[in-house]
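The values are calculated or read from the model by the stated rules, or taken from the named source; none is laboratory data. This structure is a prediction, so every number in the text was calculated from the model and none was measured. Backbone-built Cβ (ideal geometry, glycine too); neighbour counts: all protein chains shown. These area figures cover heavy atoms from the full protein model, side chains too; ligands, DNA and RNA do not enter into them. Shrake-Rupley method; radii C 1.70, N 1.55, O 1.52, S 1.80 Å.
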Amino acid sequence: MNKASHPGGIQARIAAALPSLTGAQRLMAEFVNHNLFQAATMRIEEIAQAASVSPATANRFAGALGFGGYPQFRAAMMREFEATLAPVERLKSALASPASSHELILSALETDIDNLRATQHALTGQACNDAVDALVGADRVFVVGFGSSGHLAAQLEYGLNPYLGYVQSLARAGGPANAARRLYDATARDLVVAIAFPRYLRDTIAVAEQARSSGVRILALTDSISSPLSQLADISLYIHAYRRMAANSDAIVLAVIQGLCGAVAHRVPKSAQAAASMTQATLPWLYRDGRKPAGARGRKARRAGEPE
């Protein structure tokens, strides 16, 4: 097989070529295997110095992996980290352009307006109806999202709780191992809502894969059909969340989450009564007429030893 057509990523190429590499080339292989992200950002002189080899060896190493030279090798490494590096490159570009704080804030708002419009076009009626059907019809709803998606998972749990019998965010202490434990008895009658955007976290994908292997249905909130979640999901809602100076716009994802919760509330019988009951339960803690919340007055009275 032609080396240039070798399937798989950089590390797969290195593993295949390892038996034929020279001693100096093996130093390059070891450095790249252990520092793939760093290597993708380095010029040939920098990577050669870091691996304790010559630039010529670095170039021959690239050839041994089936590339025309080091520039092609580095470009392939960059492609593996395209989603990870893109926000960094966008930030560098933005920092190089002079702009006032006011201009930057307005630009961010304009970007989100474009995101909202693009998301409106991307959300089909069929997908939205299927998503609400799946949420309302599930025995239990588990929400998984780690990293920056963790608080989005909590918001979805918060928004759905008044209307569904069982909703639990798995983005809690204990990380993916704890999430996996909570899913140990999940079945096809349950639903996992998985949230992941570039940069996709492997933990979220792994938990979704485990749920899928148990026959659990997956509803994905993600960015495109090329997302790794899209390959696992029964239903996908595609959300445009581009951000120039950050990885993603959480505001757009949150807007869709709030819309989804509203659609569930509209579908569920007695949702108004459920919302009223929850409001009644929180009433003692609400600020009313300039008075302290009843709960706060009660705590103060107890501390002072006074009757409530």
Consider only pairs whose beta carbons are under 6 Å apart and that are at least six residues apart or on different chains; among these, list those whose first residue lies in the stretch 155-167 and is charged (D, E, K, R) and whose second residue is open to solvent by less than 30 Å² (accessible area, probe 1.4 Å). 157/143; 157/167; 157/169
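Looking only at residues that are at pLDDT 85 or above and not charged (D, E, K, R) in the stretch 244-257, which one is surrounded by the fewest Cβ atoms within 10 Å (Cβ to Cβ)?
251
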Checked against (1) within 14 Å of residue 73 (Cα to Cα); (2) modelled with pLDDT under 85; (3) over 33 Å from the mean Cα position of the chain (by Cα), residue 60 satisfies every condition except (2)
Need the failing condition index for residue 68 against (1) farther than 30 Å from residue 226 by Cβ; (2) among the small types (Gly, Ala, Ser); (3) open to solvent by 40 Å² or more (accessible area, probe 1.4 Å), just the number. (1)
Please give the number of the condition residue 152 fails out of (1) touching a Cys at 6+ places or on another chain (Cβ under 7 Å); (2) closer than 20 Å to residue 240 by Cα; (3) among the hydrophobic types (A, V, I, L, M, F, W, C). (1)
Looking only at residues that are touching a Phe, Trp or Tyr at 6+ places or on another chain (Cβ under 8 Å) and of a type in the set (A, V, I, L, M, F, W, C) in the stretch 168-178, which one is farthest from residue 253 (Cα to Cα)? 170
Candidates 173, 211, 186, 241, filtered to the one that is closer than 28 Å to residue 122 by Cβ and either at pLDDT 90 or above or open to solvent by 20 Å² or more (accessible area, probe 1.4 Å) (or both): 211
Checking the structure you have, find out if any residue of the stretch 195-205 is within 23 Å of residue 80 (Cα to Cα) and modelled with pLDDT of 95 or more. yes
